[in-house]
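Heads up, the thing below is written out as structure tokens.
Every read-out reported here was derived from the displayed coordinates using simple, explicitly stated rules and does not represent laboratory data. Because the structure is predicted, anything quoted here is derived from the model rather than measured. Reconstructed Cβ throughout: ideal geometry from the backbone, glycine too, with neighbour counts over all protein chains shown.
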Amino acid sequence: MSDKDLDKKEEDFKSALHIQEGVDQPESINPEVIKKFRKRKVQYSIDGYVNGIKEGNRTVLGQAITLIESNLPEHIELAQTIIEKCLPFSCNSIRIGITGVPGVGKSTFIESLGRCITKKGGKLAVLAVDPSSEKSKGSILGDKTRMEELATDPNAFIRPSPSEGSLGGVARKTRETIILCEAAGFNVIFIETVGVGQSETAVHSMADFFLLLMLAGAGDELQGIKRGIMEMADTIAITKADGENVDKANMAKIEYQNALHLFPPTESGWIPKVLTCSAFKKEGINDIWDTIEEYISLTKNSNYFELKRKEQAKYWMYESINELLKNNFYNTSEIKAMLKSYENDVLKGKMNSFLASKLLVDKFLKNRK
């Protein structure tokens with residue numbers, strides 16, 4: 001047998017398994033369907049954005065808010081132009097800040113109060129700020145899933161936004177978003193914070209009415225929250241006042257009322273109220289809305305409403321200056337190059353933190369001359 005025949009015989013007996021070629025399998029999802037659902041977002045002109053917002057187009061409004069939240073320089077410039085053009089059509093809503101201790105049921109309460117407003121013909125925008133992870137900077141943004149009824153209400157618009165690690169969890173661009181929502185025709189704006197903390201100062205500076213939600217029977221009622229936040233509250237609502245918790249809620253109501261009497265009179269002349277409610281059973285919700293309307297009527301008649309809006313505008317002017325200075329500082333190429341070196345010197349104990357920051361700021365200001 002020749003060498004060629006031996007090689008052929010060895011090849012034939014190398015394996016008893018003979019694999020036949022199969023047919024190509026189709027994709028699990030129809031590619032035409034993928035193309036349909038993966039259409040690129042329409043890019044609007046400035047007038048396209050403004051007109052779409054004024055017409056109440058939610059798709060355009062959502063994209064404009066995304067531009068506001070973006071940190072890209074080209075998006076920031078475009079967003080500011082849109083805001084300026086929408087400004088004349090804003091300032092026609094009631095802005096309500098809502099906060100409370102964790103577990104108080106903010107989302108359930110907002111849905112109940114929101115439905116109460118939309119049933120009466122109001123148009124509601126909910127700006128819910130979700131906490132961002134300090135590690136990944138990501139957010140769950142789950143408010144639309146927690147407010148199922150309100151999310152499908154044609155007179156409601158829910159926009160969850162990441163806090164992006166800003167002070168206490170208030171999104172940096174919330175105030176600009178309010179302007180767009182007002183231009184879109186929403187006459188009630190809810191600003192929900194992530195929980196009790198320093199963020200309440202920022203929310204108070206952009207809201208007409210500040211509502212504090214509290215739980216009953218969760219420990220020492222008056223130690224569970226800072227005095228400063230209670231002083232800012234125009235009304236305190238004791239939530240989950242149902243079932244066996246009714247008596248505890250009524251007791252907490254008395255304790256909070258007594259505590260509020262110890263605070264100095266408010267500039268608005270309004271006497272803060274303490275109410276109880278059950279968002280689950282829809283009890284006491286109408287009373288809270290009636291209280292909000294009573295407050296708005298009182299402050300508008302005394303001109304305090306307009307005065308407060310002006311003070312808030314001034315406050316946010318200075319906040320914007322701080323934000324711009326901070327961004328310009330960290331985006332300067334020379335400062336970026338120096339930061340790492342100074343950081344290493346501070347870590348190694350070669351330089352103290354104050355001196356390092358002073359040298360960096362001096363360098364930044366020198367380059368601006």
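See the values below:
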{"item": "Part-to-part distance (alpha-carbon centres) for segment 262-330 and segment 81-114, which is given in Å", "result": "11 Å"}
{"item": "Prolate/oblate/rounded call for segment 39-89, Cα gyration tensor, a/c under 1.5 rounded", "result": "oblate"}
{"item": "Gain in span if fully extended, Thr152 to Thr66, counting 0.36 nm per residue against the direct Cα distance", "result": "28.9 nm"}
{"item": "Normalised contact order of segment 39-89, rounded percent, pairs of Cα under 8 Å and 6 or more residues apart", "result": "33 percent"}
{"item": "Set Lys119/Lys240; Lys326/Lys366; Lys85/Lys120; Lys85/Lys106; Lys106/Lys281 screened for pairs whose C-alpha atoms are more than 24 Å apart", "result": "Lys85/Lys120; Lys85/Lys106"}
{"item": "Within segment 83-109, backbone nitrogen closer than 17 Å to the virtual label 7 Å beyond the Cα of Asn331 toward Cβ", "result": "83"}
{"item": "Segment Ser353-Trp316, extension gain: residue separation times 0.36 nm, minus the distance between their alpha carbons", "result": "10.4 nm"}
